[in-house]
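The values are calculated or read from the model by the stated rules, or taken from the named source; none is laboratory data. Worth saying up front: this structure is predicted, and the values here are computed from it rather than measured. Here the Cβ is made from the backbone with ideal geometry for all residues, glycine too, and neighbour counts use every protein chain on show. Protein only, heavy atoms only, side chains kept; ligands, DNA and RNA dropped before computing areas. Shrake-Rupley method; radii C 1.70, N 1.55, O 1.52, S 1.80 Å.
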Amino acid sequence: MSEQRAPGAPTGASWWAAILAVLWKDLLLESRTREIVTPIVVFSLLVIVIFSFVLDPNPRLIESVAPGALWVAFTFAGILGLNRAFALEKERGGMEGLLLSPVGRDLLYFGKMLGAFLFMLVVEIIMLPAFSAVFNLPLVEPGLWLVIVLATFGFATVGTAFAAMAVNTRAREILLPVLFFPVAAPVIIAAAEATRAVYAGDSFADYSNWVGLIAAFDVIFAVVAAATFEFIVNE
Amino acid sequence: MASTHPAISAAGLAKRFGNRPVLRGLDLELGWGSVLALFGPNGAGKTTLLRTLAGLTRHSGGALRIAGLDIAGRRADARHLVGVVMHQTFLYDDLTVAENLRFYARMHGLGATAAERAASAAGALGLDAVMNARVRTLSNGMQKRAALARAVLHRPPLLLLDEPETGLDQDAMLALEQLLARHREAGGSAIVTTHGVEQGLRIADRAAIIHNGRIAYDAPADASDADDFRRLYAEHTGASL
Amino acid sequence: MTLRMSLLGLSAALMLTALAMVFFYAPTDIVLGVSQRIFYVHVPLALVGFLAFAVVAVCSIGYLWKGSERMDNVAYAAAEIGVLFTSLMLITGMLWAKPAWGVWWSWSPQLTTSLILWFLYAAYLMLRAYAPPGETAARYAAVLGIIGFIDVPIVYMAARWWRDLHPNKVLGPLAEESALEPPMQLTFLVSILAFTALFAWLMTERTELRRQEIQVERMRYIYGEA
């Protein structure tokens, strides 16, 4: 059922041109509307503020709960971003416009996935200084940035596939997290544990197994989601 | 572009949504240089047929070839050959007309000539003045023209237009008729679904009626016989036009 | 029909045998006491539940590959029964944990993985219920069935390392299992067979029922009732 091409037939955009075209389109739209990054940053800052309200301000306690709080805020932000990424395709039948294009569905997947990844990353880059300031934690930790980039990519891999499904279902806003959280659970656990290790001042070797687990998740699900994307979007 | 194969060849085409059958063994053949006006009551399967031809919907039974390409295995290639206008514009509201057209041109692999293609498609439909306006700010008629420009951007030999007259003003309708006439002269084909009898019979050289997921009537179109056609339509569908 | 009846008979006979063995044949565990007997239900439920999810994954691949509706019916039935068995497994586990450990729940790797599995396949059933009916729901569910199953070993790895960082204060049940006496092993075996037969019988019933549901709905369109 995969989409074969005939030799000599007119071809669509080359793979990188198609991915870049979708990505460029999403970035341009976002720069116009600010419907994803701005509201989600505000939402995430609120989550951090609420955490500081409900958590005991004892510095030793903060150190143990801060990694969890950070990843709760990031996953909620991620879910909101993923919901928006496909809602905007749905509004004027944009998704069908994409589907009419003679490019492989896996390329559409990578275009949408990279867009979702970048939006989440931008939100996190804005949030992290605020988070570090509120909880009095170090900001410049290369290990932490590595964990954030890899985990966010992992969220985007499965999240994009599930968002493309959820957008066509009833109760889509609630269905996306219900689909997303169990599958992304290992990434959430690994990211929180690695963050805890970074804040505790451990060396990279102490949490490299978590980084490896997230990286493996990224690779496996980028491939699986790209390969199955045509079954999600093609009627 | 026209090949020795017919533009469309569908045999026993079937499509179910859930358990509801919409197309029930539809047969249709369309040669090159021909425009087919397709009439039918709501729910008869017009839109589903066009969506299946466009590769947006996978058929559940029968055989379908676009220019000889079996669409079940060669959907990516078949997508090059069709230009589609549906009720939705498939345009992004917050991008300008030019940006939308350039985006779709790039998706069709027209990277180097994307801007040029976008401009020429827009010019043919009288969109020059609004190229840099966001789609959101345009009137419905202008949006529809932009959707038409998007559909013809990659110069597809087969056009599928689902009730293109909705939202089009007089001028735009004239532009569409001219576009279709040029398309046909160049050897291209089109299927146009419509509710307007006179208009449909004028732009087409063939008229068909779809009812209950099958082609119930199919004959050369004659614009002078609109009343006859209305009578035929009532006979075949039990509805009126 | 005969296959279904014989599976029903087989699972009933095996289930009764297993019950008798659990209460009258298997010796009482020296360390864990009488409550250990719930394992004869708990462990087979876990194993067969996992088997059900494997069936979901295999049939999901089969469905996307061949587009056969039958494959999809089997996957759907297996997911339903898998969620049922996993729910019962979690409940029996908690019933045992309270008297044995003094807590209803512990985040052992097995429990954590089972719980996430339960959520995964509950989400599978929700997806089927909320997606557009027919082919679309089947395709979405098949993709989730594949992604979910690939996720299981990753979840288990994460749960294991996670537990290493948070050592459990209570002892896991699996530490003792290597020292099972032969009568206990035999009871486990019969019980596992009984639950496997029960699963097979429920699968045939549910798949057939689903096939009939679809047929009824199709006929309704043919005879113009809907």
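Answer yes or no as to whether A:Ala85 is of a type in the set (A, V, I, L, M), under 30 Å from B:Val152 (Cα atoms) and either within 14 Å of another protein chain (Cβ to nearest Cβ) or buried (at least 18 other Cβ atoms within 10 Å of the Cβ) (or both).
Criteria met by A:Ala85.
When both residues are 6+ apart or on different chains and their Cβ atoms are under 7 Å apart, which pairs have a first residue that lies in the stretch A:73-85 and is touching a residue at least 12 places away in the same chain (Cβ under 8 Å), and a second that is open to solvent by less than 30 Å² (accessible area, probe 1.4 Å) and not in a helix (DSSP H, G or I)?
A:Gly81/A:Ile36; A:Arg84/A:Ile36
Residue by residue through the stretch B:200-226, note down the ones that are under 15 Å from the mean Cα position of the chain (by Cα) and under 17 Å from B:Ser240 (Cβ atoms).
Across the stretch B:200-226, the qualifying residues are B:Gly200, B:Ala207.
Within the stretch A:30-66, how many residues are within 18 Å of the chain's Cα centre (by Cα) and in a helix (DSSP H, G or I)?
Number of matching residues: 11.
Could you tell me how many of the residues in the stretch B:12-48 are touching a Ser or Thr at 6+ places or on another chain (Cβ under 8 Å), modelled with pLDDT of 90 or more and under 24 Å from A:Phe231 (Cα atoms)?
7
Return the only residue of B:Gly188, B:Gly109, B:Gly123 being touching a Gly at 6+ places or on another chain (Cβ under 9 Å), open to solvent by 30 Å² or more (accessible area, probe 1.4 Å) and of a type outside the set (Val, Ile, Thr).
B:Gly109
Does A:Glu173 meet the test of being within 19 Å of C:Phe119 (Cα to Cα), modelled with pLDDT under 95 and more than 10 Å from chain C (Cβ to nearest Cβ)?
Here the answer is yes, as A:Glu173 does meet what is asked.
In the stretch B:52-64, which residue that is free of Cβ contacts under 8 Å to residues at least 60 places away in the same chain and hydrophobic (A, V, I, L, M, F, W, C) is most open to solvent (accessible area, probe 1.4 Å)?
B:Ala63
Out of (1) touching a residue at least 24 places away in the same chain (Cβ under 8 Å); (2) over 18 Å from the mean Cα position of the chain (by Cα), what's the single condition that is false for B:Met86?
B:Met86 satisfies all of (1) touching a residue at least 24 places away in the same chain (Cβ under 8 Å); (2) over 18 Å from the mean Cα position of the chain (by Cα) except (2).
When the residues of the stretch A:138-169 are narrowed to those that are outside any helix (DSSP H, G or I) and open to solvent by 30 Å² or more (accessible area, probe 1.4 Å), which ends up farthest from A:Arg60 (Cα to Cα)?
Among those that are outside any helix (DSSP H, G or I) and open to solvent by 30 Å² or more (accessible area, probe 1.4 Å), it is A:Asn168.
Give the residues of the stretch C:34-57 that are surrounded by fewer than 17 Cβ atoms within 10 Å (Cβ to Cβ) and free of Cβ contacts under 8 Å to residues at least 60 places away in the same chain, sorted by residue number.
C:Val34
Identify the residue in the stretch A:90-137 that is among the hydroxyl-bearing types (Ser, Thr, Tyr) and over 30 Å from A:Asn58 (Cβ atoms) and, among all such residues, is farthest from the other protein chains (Cβ to nearest Cβ).
Only one residue fits best here, namely A:Tyr109.
Looking at C:Leu180, C:Leu186, C:Leu125, which is the one that is under 27 Å from C:Thr92 (Cα atoms), under 24 Å from the mean Cα position of the chain (by Cα) and modelled with pLDDT of 95 or more?
C:Leu125 is the lone residue from the list that is under 27 Å from C:Thr92 (Cα atoms), under 24 Å from the mean Cα position of the chain (by Cα) and modelled with pLDDT of 95 or more.
Name every residue in the stretch B:92-143 that is in contact (Cβ under 8 Å) with a residue 12 or more places away in the chain, over 21 Å from the mean Cα position of the chain (by Cα) and more than 14 Å from chain A (Cβ to nearest Cβ), in order of residue number.
B:Ala119, B:Val130, B:Met131
More than 28 Å from A:Glu91 (Cβ to Cβ) and in contact (Cβ under 8 Å) with a residue 12 or more places away in the chain: is that true of B:Gln199 in this structure?
Judged against the criteria, B:Gln199 is a match.
Could you list, ordered by first residue, the pairs with Cβ atoms under 7 Å in which the first is in the stretch C:84-108 and within 12 Å of C:Phe39 (Cβ to Cβ) and the second is in a loop (DSSP other than H, G, I, E, B) and open to solvent by less than 80 Å² (accessible area, probe 1.4 Å), at least 6 apart or interchain?
Final answer for the pair search is C:Ala97/C:Val103; C:Ala97/C:Trp105; C:Ala97/C:Ser106; C:Ala100/C:Leu32.
Taking the options B:Leu69, B:Leu49, B:Leu30, name whichever one is out of contact with any strand residue (DSSP E or B) (no Cβ under 7 Å at 6 or more places or on another chain) and either surrounded by 18 or more Cβ atoms within 10 Å (Cβ to Cβ) or of a type in the set (Phe, Trp, Tyr) (or both).
B:Leu69
For B:Val35, only one of the following conditions fails: (1) more than 12 Å from chain A (Cβ to nearest Cβ); (2) surrounded by fewer than 19 Cβ atoms within 10 Å (Cβ to Cβ); (3) of a type in the set (A, V, I, L, M). What is its number?
Here B:Val35 clears every test but (2).
Return the residue satisfying two criteria in turn: it lies in the stretch A:187-235 and is within 14 Å of chain B (Cβ to nearest Cβ) and of a type in the set (A, V, I, L, M), and of such residues it is nearest to B:Thr48 (Cα to Cα).
A:Val233
Of the residues that sit in the stretch A:174-192 and are in contact (Cβ under 8 Å) with a residue 12 or more places away in the chain and open to solvent by 10 Å² or more (accessible area, probe 1.4 Å), which one is farthest from A:Val147 (Cα to Cα)?
A:Pro177
Within the stretch A:92-101, is there a residue that is open to solvent by less than 20 Å² (accessible area, probe 1.4 Å), under 29 Å from A:Ala222 (Cα atoms), modelled with pLDDT of 90 or more and touching a His at 6+ places or on another chain (Cβ under 9 Å)?
yes
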